[in-house]
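The structure appears right after this line, and notes come after that.
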Amino acid sequence: MLKGKHIILGICGGIAAYKSVYLLRLFIKAGAEVQVVITPAGKEFITPVTLSALSGKPVISEFFTANTGSWNSHVDLGLWADAMVIAPATASTIGKMANGIADNMLVTTYLSAKCPIFVAPAMDLDMFAHPSTQRNLQLLKEYGNLIIEPAAGELASHLVGKGRMEEPENILKAVEAYFRSTQELAGRHIIVTAGPTYEKIDPVRFIGNYSSGKMGYAIAEECAKRGAAVTLISGPVGIKAKHPSIKVVDVESAKEMHDAALAEFAACDAAIMCAAVADYTVENPATHKIKREHDELPVIRLKKNPDIAAELGARKRTGQVLVGFALETDNERVNAAEKLKRKHLDFVVLNSLNEPGAGFKTDTNKITIIDKDGTERNYGLKDKKLVAIDIIDALVEKL
Ligand code: PMT
């Protein structure tokens, strides 16, 4: 998967820098060409001689080579790379990347890079949890970087908590998964539902939920990146689809989402039902704003909405793949398995609101994929963009 790919491995000054040697070896073994860029502090932890011996290239650290006067072009490097992987990424470098403090080769290269950037933080648990680190990481995510979440465990300080750099094998997997996500869905038409639905109470109020659309939009982007034509049926959200192969159909209510999904389903190869659809709607929404001054408290009567996934499941023809989500708070696996069966899904993506960092609004999610053949795959907490890669890998297997 990485054969011939150009990878910049950015190494910062943290004890986890020793793991970067293993990561470098894994990249080289996978066939990648690797250019190491190390911060001055990084060189205190790991010697450039080791890194250049393994990569077969001089390690870049300074802007200028003192004895020749030649200089390293961060712009050329940024354009050369197919991916940049910063591992370990320290709190200091994360802060500089978030704020454009370009005082070393690693950060200038980062600012010039046009390729996907993977950031694998490594630091002490309190540094990682500090609001400034979290805010900087949030900014990096918003800039489109892919954060490879640190693991929890014993740290160099002997304290136990979250902050340990993800293992090199898993970083390699994340990068490989990114490159696998190329054009394998070319010629396919995929429907994705995303976001919440709003059920009108009166012209100014509605019943809704906390879905931000982040998970569904990440799935739609991933399908489009792999070559699919995507119809994204989206409830009201504050984000926009970026890929030109995504056609967005904006809807508000579950009924509108239902009608849009049914209109597209016959001609699609797969449908991924990520939207948080209201199960109930208001029987008689008021045509005028309900006033506070009424003597009697208003009563809102509800009726059932159509179950969109179940209807598509009943219409599914041979060769079509239907993927559902299950958002659970208790009895997770039993409920997910029940939805899988009742809605005739090919697999269900279970996410639980009991898992910190999973579910609504967060940039991360933690999922279990349960297949109709009974097999189960568990994944760690990841950026929703990386979760989308795992889900689409499973979809590609089915297709
Ligand atoms: O948007 P984010 O903030 O990123 O959050 C992502 C998410 C938590 C919304 C997403 O990961 C998720 O779990 N989506 C499904 C939420 C949900 O409605 O789950 P459910 O267990 O109630 O529904 C089961 C399945 O049936 C889902 O695929 C749902 O889209 C579908 N459904 C549900 C009700 C209905 N009337 N029609 C449906 O099609």
Quiz item: In segment 195-256, which trypsin sites (Lys or Arg not before Pro) are in a loop and have at most 12 other Cβ atoms within 10 Å, using DSSP for the loop call?
Solution: Lys240, Lys242
Practice problem: Compute the Kirkwood hydrodynamic radius of the chain, taking the inverse of the mean of 1/r over all pairs of distinct Cα atoms, and give it in Å to one decimal. | Solution: 22.9 Å
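Taking K and R as +1 and D and E as -1, what net charge do the other residues with C-beta under 15 Å from the C-beta of Thr329 add up to? If you can, show how the numbers build up before the last one.
On the way: positive: Arg333, Lys339, Lys366; negative: Asp279, Glu328, Asp330, Glu332, Glu338, Glu355.
Surrounding charge for Thr329 is -3.
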Self-check item: Overall form of segment 6-181 per C-alpha gyration tensor (a/c, 1.5; a/b vs b/c)
Solution: rounded
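Calculate the dipole size of the chain relative to its Cα centre from +1 charges on Lys and Arg beta carbons and -1 charges on Asp and Glu beta carbons; express the result in debye to the nearest 20.
Numbers: 47 positive and 47 negative charges, 114 e Å.
Approximately 540 debye in magnitude.
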Quiz item: What net charge is computed for the residues neighbouring Ala310, neighbours being all others with C-beta under 13 Å from the C-beta of Ala310, Lys and Arg scored +1, Asp and Glu -1?
Solution: +3
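When the helix-only estimate is applied to the chain (DSSP H runs of n ≥ 4, each -39,500 (n - 2.57), divided by the residue count), what is the mean residue ellipticity at 222 nm, nearest 500 deg cm²/dmol? Provide the component values of the computation, followed by the final result.
Values: 13 runs with 133 residues, N = 399.
Taking each H run of at least 4 residues, the total per residue is -10000 deg cm²/dmol.
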Exercise. Multiply the residue separation of Ala314 and Leu353 by 0.36 nm, subtract the distance between their alpha-carbon atoms, and state the gained length in nm to one decimal.
Key: 11.2 nm
Quiz prompt | Positive-pole candidate from Ala310, Met1, Met105, dipole of the chain, charges at beta carbon | solution = Met1
Exercise. Just subtract the alpha-carbon distance of Glu338 and Val299 from 0.36 nm times their residue separation and send over the number in nm, one decimal.
Key: 10.8 nm
Self-check item: FRET efficiency, 1/(1 + (r/R0)^6) with R0 30 Å, evaluated for Tyr280 and Cys115 via beta carbons
Solution: 0.05
Quiz prompt | Inter-label distance, nm, simple model (7 Å from Cα along the C-beta direction), Ala129/Tyr379 | solution = 2.7 nm
Practice problem: In whole Hz, with x marking every Gly and Pro, tabulate ³J(HN,Hα) for segment 292-297 from phi via Karplus 6.51 cos²θ - 1.76 cosθ + 1.60, θ = phi - 60°. | Solution: 5, 6, 4, 6, 8, 5
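Work out the FRET efficiency for Ser73 and Lys43 from their Cβ-Cβ distance, taking R0 = 25 Å, and round it to the nearest 0.05. Numbers along the way, then the final one.
Numbers: r = 20 Å, r/R0 = 0.82.
E(calc), rounded to 0.05, equals 0.75.
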Quiz item: How many percent of DSSP beta bridges within segment 251-399 run antiparallel, rounded to 5?
Solution: 55 percent
Practice problem: Measure off, as a whole percent, the carbon and sulfur share of the 1.4 Å-probe accessible area of the chain, all protein chains present. | Solution: 54 percent
Practice problem: Calculate one ³J(HN,Hα) per residue across segment 92-103 by plugging θ = phi - 60° into the Karplus curve 6.51 cos²θ - 1.76 cosθ + 1.60, and present them in order as whole Hz with x for glycine and proline. | Solution: 5, 5, 4, x, 5, 5, 5, 10, x, 8, 9, 9
Quiz prompt | Residue-by-residue Karplus 3J(HN,Hα) for segment 205-221, coefficients 6.51, -1.76, 1.60, Hz, glycine and proline x | solution = 10, 8, 9, x, 8, 8, 4, 9, x, 4, 5, x, 5, 4, 5, 4, 4
Quiz item: Which residue, chosen from Asn354, Ser245, Thr375, occupies the Cα position most advanced towards the positive end of the dipole of segment 189-398, where the dipole is computed from +1 (Lys, Arg) and -1 (Asp, Glu) charges on Cβ about the Cα centre?
Solution: Ser245
Quiz prompt | Degrees, to the nearest 10: 332-342 long Cα axis against longest axis of the chain | solution = 60 degrees
Quiz item: How much accessible area per residue does segment 189-398 have, in Å², with a 1.4 Å probe?
Solution: 49 Å²
Exercise. Set the Förster distance to 22 Å, then compute FRET efficiency between Glu167 and Thr50 from the Cβ-Cβ distance, nearest 0.05.
Key: 0.70
Practice problem: Counting only heavy atoms of the protein chains, get the accessible area per residue of segment 6-181 (1.4 Å probe) and round it to a whole Å² value. | Solution: 43 Å²
Exercise. Quick one: among Thr281, Thr47, Thr109, which has the greatest mean-square fluctuation in a GNM of the chain with alpha-carbon springs under 10 angstrom?
Key: Thr47
Exercise. Select from Val59, Val37, Val49 the residue whose mean-square fluctuation is largest in a Gaussian network model of the chain (Cα-Cα springs shorter than 10 Å).
Key: Val49
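The values are calculated or read from the model by the stated rules, or taken from the named source; none is laboratory data. Treat the numbers as computed from the prediction; the structure is a model and nothing was measured. With ideal geometry, Cβ positions are generated from the backbone for all residues, glycine too; neighbour counts draw on all protein chains shown. Side chains included, ligands, DNA and RNA excluded: accessible areas come from the protein's heavy atoms. Shrake-Rupley method; radii C 1.70, N 1.55, O 1.52, S 1.80 Å.
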